[in-house]
């Protein structure tokens, strides 16, 4: 199984945990426990959650960290980033907070890269740390873009 498919399996597992486990998930969607178990198992390479099942379960897993698990994972394996659409147009405070968040994330990225280079070599662990910081920069920038788009679309 490819690394991307493993990411989707892990995301499916997180979604099911967020619903309350296999029993709870099976009680609210089309497939039963054994199919859902296969959908999240890396040992069942041929079994993945159907899109209607994801659409039904993901909203129920909203309280679990990383939500929306499968949608976010699919965006990632497609080379993108999930950005929720703001529920209301951005306020001055929203934009200032996002601007501060962006500055902080850029600073964290700069620190990660400088720390990684400080010993004269930039290894796998350094790259992983920097990549995590890049993901945060992208997430905040995408949120800022979405907020600005709500202003443009509102006029």
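Readers should treat all values here as calculations from the given coordinates under stated rules, not as data from a laboratory. Note that the structure is a prediction, hence the values are computed from the model and not measured. Reconstructed Cβ throughout: ideal geometry from the backbone, glycine too, with neighbour counts over all protein chains shown.
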Could you put 19, 53, 28, 35 in order, starting from the residue whose Cβ has the fewest other Cβ atoms within 10 Å?
28, 35, 53, 19
Taking the Cα atoms only, what angle lies between the long axis of helix 124-154 and the longest principal axis of the chain, rounded to 10 degrees?
90
Cα extents of segment 3-77 along the three principal axes, largest first, in whole Å?
30, 25, 18
Roughly how many Å is it from the Cα centre of segment 100-136 to that of segment 5-37, as a whole number?
34
Relative contact order computed over the chain (Cα-Cα under 8 Å; 6+ residues apart), in percent
22
Bins of 10 Å, starting at 0 and running to the largest distance - Cα pair percent for the chain
10, 29, 28, 23, 9, 0
Can you sort 36, 96 by how many other beta carbons sit within 10 Å, fewest first?
96, 36
Rounded to the nearest 10 degrees, the helix 92-117 long axis (Cα) sits at an angle to the longest Cα principal axis of the chain of 90
Could you tell me the ratio Rg/Rh of segment 110-155? Both radii from Cα atoms, Rh via Kirkwood.
1.30
Pairing the Cα long axis of helix 3-19 with the longest principal axis of the chain, what angle in degrees results, from 0 to 90 and rounded to the nearest 10?
70
Two-decimal Rg/Rh across segment 57-96, once Rg and the Kirkwood Rh are taken from alpha-carbon atoms
1.08
Full-extension gain between residue 56 and residue 78, please, as 0.36 nm times their residue separation minus the C-alpha to C-alpha distance.
5.7 nm
Expressed as a rounded percentage, what relative contact order does segment 3-77 have, with Cα pairs under 8 Å and six or more residues apart?
41
Taking 16, 113, 151 and counting other C-beta atoms within 10 Å, the order from fewest to most
151, 113, 16
